[in-house]
Amino acid sequence: MKMTKKLILILSLLGLLLFSGCSGKGGDIEIDEAIPVNDTSLLKDSHTNSLINIEWEHSRIHDGYGFQYSSQLNNLATGSITYLLMNTTTNGIHWRDYSITCDSAPLLIELYENPTITNYGTLQNISNRNRFSSVISTVLIYANSTIVTDGTLLIVDGILGTKQDTGSTGSIALEWILKTDSIYTIKITNNNSNNVNCITRAFWYET
């Protein structure tokens, strides 16, 4: 009986402490004081107006700064080299992912910095991943560029094996923070004994 009374007393005291702590009249702070609704200093997601607790790149898409490029590379000849050129211009570029899927192998994929160029090639279309946003990427991407020297090699990847009936994928999946006002190229070499068809995709966000 005595234990029951002690337990009731302890629970009552805990209840008083909890209520006084949340009321703002003797406790520490109210919830509204901790997170003011209109406090612009808090980092909020522009699309949902919620506090950001999602991946940063996910939030950049919501804010209109996540971009994607994709294209088809048809009938790449045996032994041929194809370049995808990127001019980073002014913004900070977080190059997040690049992948290429082809109908046969092997292919070599290389990322270079600051090559020597004689012809930029054909300017490509870039999509904003937030279709409500009117923000345009500061990156300029060109296809069929003419490169004299490759520059500084950053990474080597590729699709290994021999000719296959099903598609194979190679990717540069780790993030690269690219320099501003610089040129980068993705060099694709078809080491296959046959012509190949590929689909290439890239994703990045800007700061």
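Residue by residue through the range 57-89, note down the ones that are over 30 Å from residue 148 (Cα atoms) and either touching a residue at least 12 places away in the same chain (Cβ under 8 Å) or of a type in the set (D, E, K, R) (or both).
Step one: list which residues in the range 57-89 are over 30 Å from residue 148 (Cα atoms), which gives 57-66.
If the condition is that a residue be over 30 Å from residue 148 (Cα atoms) and either touching a residue at least 12 places away in the same chain (Cβ under 8 Å) or of a type in the set (D, E, K, R) (or both), then 57, 59, 60, 61, 62, 63, 64, 65, 66 are the ones that fit.
How many of the residues making up the range 171-207 are under 23 Å from residue 105 (Cα atoms), modelled with pLDDT under 90, part of a loop (DSSP other than H, G, I, E, B) and not hydroxyl-bearing (Ser, Thr, Tyr)? Walk me through how you get there before you give the answer.
The initial filter retains those residues of the range 171-207 that are under 23 Å from residue 105 (Cα atoms), namely 171-174, 185-202.
Among the residues that remain, those that are also modelled with pLDDT under 90 are: 171-174, 192-194.
Okay, now just the ones that are also part of a loop (DSSP other than H, G, I, E, B), so 173-174, 192-194.
Narrowing further to those that are not hydroxyl-bearing (Ser, Thr, Tyr): 173-174, 192, 194.
Summing the residues that are under 23 Å from residue 105 (Cα atoms), modelled with pLDDT under 90, part of a loop (DSSP other than H, G, I, E, B) and not hydroxyl-bearing (Ser, Thr, Tyr) in the range 171-207 gives 4.
For the range 80-116, give me the residue count where each residue is assigned to a strand (DSSP E or B) and farther than 20 Å from residue 155 by Cβ. Outline the logic, then answer.
To start, the set of residues in the range 80-116 that are assigned to a strand (DSSP E or B) comprises 81-87, 93-102, 107-113, 116.
Keeping just the survivors that are farther than 20 Å from residue 155 by Cβ gives none.
Within the range 80-116, residues that are assigned to a strand (DSSP E or B) and farther than 20 Å from residue 155 by Cβ number 0.
The values are calculated or read from the model by the stated rules, or taken from the named source; none is laboratory data. The structure presented is a predicted model; accordingly, all values stated were derived computationally and were not measured. No Cβ is skipped: glycine too gets one built from the backbone with ideal geometry, and neighbour counts run over all protein chains shown.
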